[in-house]
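Input: a single structure, listed below in C-alpha cells.
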Amino acid sequence: FEHDIVTMTPGKITHGMFSIDCFITAVSTYYEDPWTQQTLTIYCPSPFWRSENIFTLGIVDREDTYEYLGFPYGFPYDYKATLPGYGIATNPAVKPSDWRLTFKGPVTEPFVVIGERHISVSAVVGADESVVIDSKNKTVIGYGPGGPVNLFNARNKTSDFFDPLPSGEYSVLWPGTYEIELIVYEERSEPLWI
C-alpha cells in the first residue's frame, strides 16, 4: 500500500463489472486467536464507480462486402461498390460518458465516425503501432517501437473532439481496413447490485 501512495498510483477495488480507484491510507489489525480482523481506511480521489463497455471492430473482409450491380447489358465485368466498416456502440449510462478510442495500424490518417462525430488523426500508424485518444485526459498518444509520441496537434480540431459521449446507441463507420477499439466508461455513484 505504501508503494502506491509514494508513487501516486491508485489501486482498484472491484465489484462485479464496476471498479473504483483508491489508496489504502491506514490499516489497523485486531488479533484474537484463531482469527485476525483488519480494518482498512480507503481514500478514493474520484467518488465514482466505473465500468468499461468495450466495442472492438476488426478489419472487414472485402470479399463479403461487395455488392455486385447486375446490369442487364452485356458488360464483360460487374461494377461493384465497396461497403465501409459498420458497427453499433452503446453508452448505457444515464449521463454523457468519457471514452477511449484506439486505432491499430497499419493505417494512414485513421478516422471513425461515431454518430455524427468525426474523429481523425493526421498520422501514419505502422504495423504493430497504435494511436490512443482519451477524452477524459484530453490526450492523443501514438505508441510504437520508439516509445510514446504526443499527437495532440495532429487531431481533427473540431469543437466536440473530446466531448463526453451522450447516453444512447450510435452507428460507428470507418473504412474497415484497420482495427479500432472504443471503450465507453459508465460512471455511477455506486455499482449496480443486481
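Table: residues versus (1) at pLDDT 90 or above; (2) of a type in the set (S, T, N, Q); (3) exposed (fewer than 13 other Cβ atoms within 10 Å of the Cβ); (4) over 22 Å from the mean Cα position of the chain (by Cα).
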{"residue": "8", "(1), (2), (3), (4)": "no, no, yes, yes"}
{"residue": "23", "(1), (2), (3), (4)": "yes, no, no, yes"}
{"residue": "27", "(1), (2), (3), (4)": "no, no, yes, yes"}
{"residue": "54", "(1), (2), (3), (4)": "yes, no, yes, no"}
{"residue": "70", "(1), (2), (3), (4)": "no, no, yes, yes"}
{"residue": "84", "(1), (2), (3), (4)": "no, no, yes, no"}
{"residue": "94", "(1), (2), (3), (4)": "no, no, yes, no"}
**Report entry** Residue check for residue 33: surrounded by 10 or more Cβ atoms within 10 Å (Cβ to Cβ), acidic (Asp, Glu) and modelled with pLDDT of 75 or more
**Finding:** no
Query - Residue within the range 166-173 that is modelled with pLDDT under 95, open to solvent by 70 Å² or more (accessible area, probe 1.4 Å) and hydroxyl-bearing (Ser, Thr, Tyr) present - result: no
Report task. Can you tell me which residue within the range 122-159, out of those that are of a type in the set (Gly, Ala, Ser) and surrounded by 12 or more Cβ atoms within 10 Å (Cβ to Cβ), is nearest to residue 99 (Cα to Cα)? Result -> 135
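The values are calculated or read from the model by the stated rules, or taken from the named source; none is laboratory data. Just so it is clear, the model here is predicted, and its values are computed rather than measured. Don't worry about glycine lacking a Cβ; one is built from the backbone with ideal geometry, like all the others, and counts go over all protein chains shown. Ligands, DNA and RNA are stripped out before the accessible areas are found, and what is left, the full protein with its side chains, is counted by its heavy atoms. Shrake-Rupley method; radii C 1.70, N 1.55, O 1.52, S 1.80 Å.
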